[in-house]
Amino acid sequence: MIKGKNIDHGKDIDYNDDKVGAGFQLIEVVTTDQDLKIEIWDVDFQHALEGHPEVTIERIRNALKNPVQVVQSKKSNRVCLFYSLEIENDPEFGKVYFCVVVGVLGTGKGKMETAYEANYMKNGTILFIKK
């Protein structure tokens, strides 16, 4: 189970203060089965969409609520990668995952940084695995 306790989240970050004052809009907050509240902001969604046109709110929501695995990033202990399995056996690519990169803001809360398709899961400390 992942509740942020395995991640060095330091003190809570007042991320919302930067966003609200700058005119950015909160699209939604997805609450995972592990009771993490993950914010999706329009600026972060747009950033993901510009580099990865396959990104949709529905795919993000599904990966956050139904991950097959959650991995702590090797680059930053404040980042988690939520993977959902989209295609089990594509003839050309094999398995196709959808990954949502989440920055931890504090205990039990985070924000989506970006999202993309991948044909493998990155290595790192496994925080959750679906059994």
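The values are calculated or read from the model by the stated rules, or taken from the named source; none is laboratory data. Please read these numbers as outputs of a predicted model, since none were measured by experiment. We place every Cβ from the backbone using ideal geometry, glycine too, and count neighbours over all the protein chains shown.
Numbers at a glance
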{"read-out": "Test set (1) more than 11 Å from residue 111 (Cβ to Cβ); (2) of a type in the set (S, T, N, Q); (3) modelled with pLDDT under 95; (4) surrounded by 14 or more Cβ atoms within 10 Å (Cβ to Cβ) - residue 25 fails condition number", "value": "(4)"}
{"read-out": "Conditions (1) closer than 16 Å to residue 65 by Cβ; (2) within 10 Å of the chain's Cα centre (by Cα); number of the one not met by residue 130", "value": "(2)"}
